[in-house]
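Okay, so here's the structure we're looking at.
The values are calculated or read from the model by the stated rules, or taken from the named source; none is laboratory data. Worth saying up front: this structure is predicted, and the values here are computed from it rather than measured. Glycine gets a Cβ as well: all are built from the backbone with ideal geometry, and neighbour counts include every protein chain shown.
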Amino acid sequence: MAPAPKLLISCHCGAAKQTVRLCDQVSGTPQEISLCHCGACRHNTGLLCVSYAAIEHPDSIEGLVEYHSTTKTTTRFFCAICGCHVFRRLHGPIKDNINVEVADGALTAVTKNELWAVATGVIIRESGESSKGGREMLMKYTKHINTASTKDGGLSAFIRRVGDAQELEVVDSWGPSPPAFKAAGKKYEGSDPDVELETSSRGYSRVQSGEEVLSAFCHCKTVQFHITRPNLSSELPQSNFPDLMVAYHTGSPQIQNPEDNKWWLRPDLDFCSGEPGILRMERSGLRRYLAGTCACRSCRITSGFEIQTWAFIPRANVFFHIRDNHTESSDSETRTADEVTNIVPLDFATLPANILTSYESSKGVRREFCSRCGATVFWRDRWRPQLLDVSVGLLDAEEGARAESWLDWWTGRVSFVEDAGNGRTGEIATSAKCLLDSLEEGLRRWGEEREEASR
């Protein structure tokens with residue numbers, strides 16, 4: 001049997017850099033990778049979907065923060081410096097969804113006390129691969145899982161197939177069936193042990209003083225805030241167009257937004273008409289915010305996953321919920337309903353310690369993540385301090401994960417899609433590019449279908 005493939009991995013700051021070993025493959029086939037959309041993953045990472053590859057026990061978890069799920073069956077490991085999610089460990093006894101044993105001619109899953117996985121976004125390349133690109137295929141995306149909790153399908157609506165493979169299956173169980181099980185006509189059963197997450201807002205209503213709000217929180221609820229509808233203050237920021245709307249590699253003069261377009265303010269659903277992305281309505285119809293996807297290298301290795309999802313929200317529309325006597329050791333399981341919560345406008349300078357960890361990913365650019373569970377929360381820079389990128393996976397909209405009554409999804413482009421393979425080589429880079437190409441194609445098709453339906 002050939003040795004297990006070795007993969008070089010790294011977070012943004014490099015603290016987690018090491019080599020890991022993929023779990024043995026069945027008959028040399030690529031490992032099947034699922035895109036998980038469950039509420040626990042969304043609120044634990046800030047992203048709308050995540051993906052992991054099964055690996056053997058890593059050599060080191062030094063410098064990583066451990067965060068245990070409320071069910072005590074899942075532990076996630078993220079970098080204490082840059083916030084990148086690196087590993088996930090499931091506690092047993094667990095049926096291994098990759099390895100199988102043969103006993104008396106029957107295929108059975110290997111039962112282990114723990115099962116380790118690595119976030120796919122931190123994988124750089126196969127360790128020791130040749131300049132020709134190494135193995136043909138190590139992993140392949142095959143299905144969307146746990147989509148039911150999204151209510152609207154989340155990102156699964158945008159990713160229908162990857163590369164030349166058949167359309168991705170959409171299922172609501174966690175463990176994918178290994179190829180050997182399928183060949184034997186057996187069904188592999190499993191469920192995400194961490195999928196249950198209380199998504200009801202604690203301590204505040206969806207209406208504050210008669211004002212409609214959208215609640216947001218991380219998995220441990222150390223980070224809780226709400227967003228208000230656009231108002232006059234929402235028009236005050238000034239900003240270049242984002243790469244999402246005008247690709248920076250083109251060098252277009254429109255990047256600088258010479259007409260001071262308030263591009264982050266979007267029409268209400270009732271006002272959507274005409275060409276997607278073009279505003280042709282009265283200002284009173286601007287009741288949503290722009291949202292989009294990003295594939296840049298920095299987002300990938302500060303989150304740990306291939307696809308970051310951001311909403312562009314003015315800081316004036318973000319209000320933090322801070323509990324009295326907030327401490328680092330506070331536990332969401334022990335909080336009581338009568339706790340006093342102070343609601344304050346977001347001010348990074350005055351937020352209590354131990355809520356957010358701030359990381360400078362490049363000069364003048366900062367990213368914030370939850371100090372306790374590692375969820376990505378904000379992206380901001382010194383050039384547009386009054387306009388934030390907010391992680392969509394934290395939002396708790398009644399209609400679903402895409403929060404379409406609040407967000408207008410840009411379908412014309414994936415931000416920095418050209419960056420999909422940046423810093424990667426071989427099959428790993430090719431696989432990432434296929435996934436992002438599929439996302440971009442799916443977004444365009446989804447936008448066209450919605451435009452056709454509105455006519």
Out of (1) surrounded by 19 or more Cβ atoms within 10 Å (Cβ to Cβ); (2) touching a His at 6+ places or on another chain (Cβ under 9 Å); (3) part of a loop (DSSP other than H, G, I, E, B), what's the single condition that is false for residue 70?
-> (1)
Considering the range 427-441, residues that are touching a Leu at 6+ places or on another chain (Cβ under 9 Å) and either of a type outside the set (A, V, I, L, M, F, W, C) or outside the structural domain of residue 212 (by TED's automatic domain parsing) (or both), and then whichever is nearest to residue 49 (Cα to Cα), we arrive at 438
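Yes/no matrix, rows are residues, columns are (1) modelled with pLDDT of 95 or more; (2) assigned by TED's automatic domain parsing to the domain that holds residue 121; (3) among the basic types (Lys, Arg); (4) touching a helix residue (DSSP H, G or I) at 6+ places or on another chain (Cβ under 6 Å):
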{"position": "11", "(1), (2), (3), (4)": "yes, yes, no, yes"}
{"position": "32", "(1), (2), (3), (4)": "no, yes, no, no"}
{"position": "47", "(1), (2), (3), (4)": "yes, yes, no, yes"}
{"position": "55", "(1), (2), (3), (4)": "yes, yes, no, no"}
Give the residues of the range 398-412 that are surrounded by 19 or more Cβ atoms within 10 Å (Cβ to Cβ) and in contact with a strand residue (DSSP E or B) (Cβ under 8 Å, 6 or more places away or on another chain), sorted by residue number.
-> 401, 402, 403, 406, 407, 408, 409, 410
Test residue 442 against the stated conditions and say whether it is within 18 Å of the chain's Cα centre (by Cα), buried (at least 16 other Cβ atoms within 10 Å of the Cβ) and assigned to a helix (DSSP H, G or I).
-> yes
Look through the range 141-172, keep the residues that are within 15 Å of residue 445 (Cα to Cα), part of a loop (DSSP other than H, G, I, E, B) and aliphatic (A, V, I, L, M), and return whichever of them is farthest from the chain's Cα centre (by Cα).
-> 162
Cβ-Cβ below 8 Å, separation at least six or inter-chain, first residue in the range 238-255 and among the small types (Gly, Ala, Ser), second outside any helix (DSSP H, G or I): which pairs?
-> 239/257; 239/263; 239/264; 239/383; 239/384; 239/387; 247/413; 252/246
All positions within the range 210-219 that are part of a loop (DSSP other than H, G, I, E, B) and surrounded by fewer than 23 Cβ atoms within 10 Å (Cβ to Cβ) = 210
Output for the range 247-273, where each listed residue is more than 26 Å from residue 356 (Cα to Cα) and crowded, with 19+ Cβ neighbours inside 10 Å | 262, 263, 265, 266, 267
Qualifying strands (runs of 3 or more DSSP E) (wholly inside the range 296-415; at least 1 residues being in the same structural domain as residue 231 (by TED's automatic domain parsing), modelled with pLDDT of 95 or more and closer than 25 Å to residue 69 by Cβ) = 308-314, 318-323, 356-362, 365-370, 376-381, 387-391
Can we say residue 80 is closer than 19 Å to residue 219 by Cα and modelled with pLDDT of 95 or more?
-> yes
Would the range 418-429 turn up any residue that is more than 25 Å from residue 8 (Cβ to Cβ), surrounded by 20 or more Cβ atoms within 10 Å (Cβ to Cβ) and touching a Cys at 6+ places or on another chain (Cβ under 9 Å)?
-> no
Among the candidates 72, 17, residue that is without any contact (Cβ under 8 Å) to a residue 24 or more places away in the chain and at positive phi | 72
Does residue 450 count as within 23 Å of residue 148 (Cα to Cα), touching an Asp or Glu at 6+ places or on another chain (Cβ under 6 Å) and either in the same structural domain as residue 290 (by TED's automatic domain parsing) or not charged (D, E, K, R) (or both)?
-> no
